[in-house]
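**Q** One structure coming up, written as structure tokens, with questions to follow.
The values are calculated or read from the model by the stated rules, or taken from the named source; none is laboratory data. What you see is a predicted model; the values in this text were computed from it and never measured. In this analysis, Cβ positions are derived from the backbone assuming ideal geometry, glycine residues included, and neighbour counts consider all displayed protein chains.
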Amino acid sequence: MIIAGTLTEQNRRKIAGWTIMLLCVGAFGLTFAASNVWIPSLIRLTCCGVGGVLLLSGLIVLTCIDQDDARHNFGHTGGFICPFVPLLPIVCILINVYLLINLGAATWARVSVWLLIGVVVYVFYGRSHSSLLDAVYVPAAHADEIYRSSGDLLA
């Protein structure tokens, strides 16, 4: 859109990354201040205001930056396009942060124990028994060439 013509791909990604990080901080601040009534009202209003400004400015910046053209093409035609980007992911982040803040201590303890068990299983079993252990990764620039050559071999 507006900013897209003046940004390189690397700068666009940096700006998008920083904007998403600030947007998450704003979402956390807004939901934390809004859901905790024990915080004094002046601090709550200040946190809600700062969080709201970060959210709105993040939405504006992400809307003005064009998305990756490479995301439409996975080495061949028929790429996937997600509707309402970046609005849908931001709304999902807001809802999930609000839900996470309102969890009780016992739930956090249970989640932490299961996450720790999952990490232990992954480190000691999953990594050594993975079917992707011997996978060969190629740059996206060569995907068209590999796709075409594999079609010739199958014919």
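**Q** Being among the small types (Gly, Ala, Ser) and at pLDDT below 80 narrows it down to one residue among Ala109, Ala105, Ala135; which is it?
**A** Ala135
**Q** Okay, moving on. Within the set of pairs 6+ apart or on separate chains, which have a first residue in segment 98-110 that is assigned to a loop (DSSP other than H, G, I, E, B), a second that is at pLDDT 90 or above and surrounded by fewer than 11 Cβ atoms within 10 Å (Cβ to Cβ), and C-beta atoms under 6 Å apart?
**A** none
**Q** Given the conditions (1) outside any loop (DSSP other than H, G, I, E, B); (2) at pLDDT 75 or above; (3) not polar (S, T, N, Q), and given that Asp152 satisfies all but one, which numbered condition is not satisfied?
**A** (2)
**Q** Right, next: Counting just the residues of segment 53-78 that are acidic (Asp, Glu) and at pLDDT below 65, which one comes out surrounded by the fewest Cβ atoms within 10 Å (Cβ to Cβ)?
**A** Asp69
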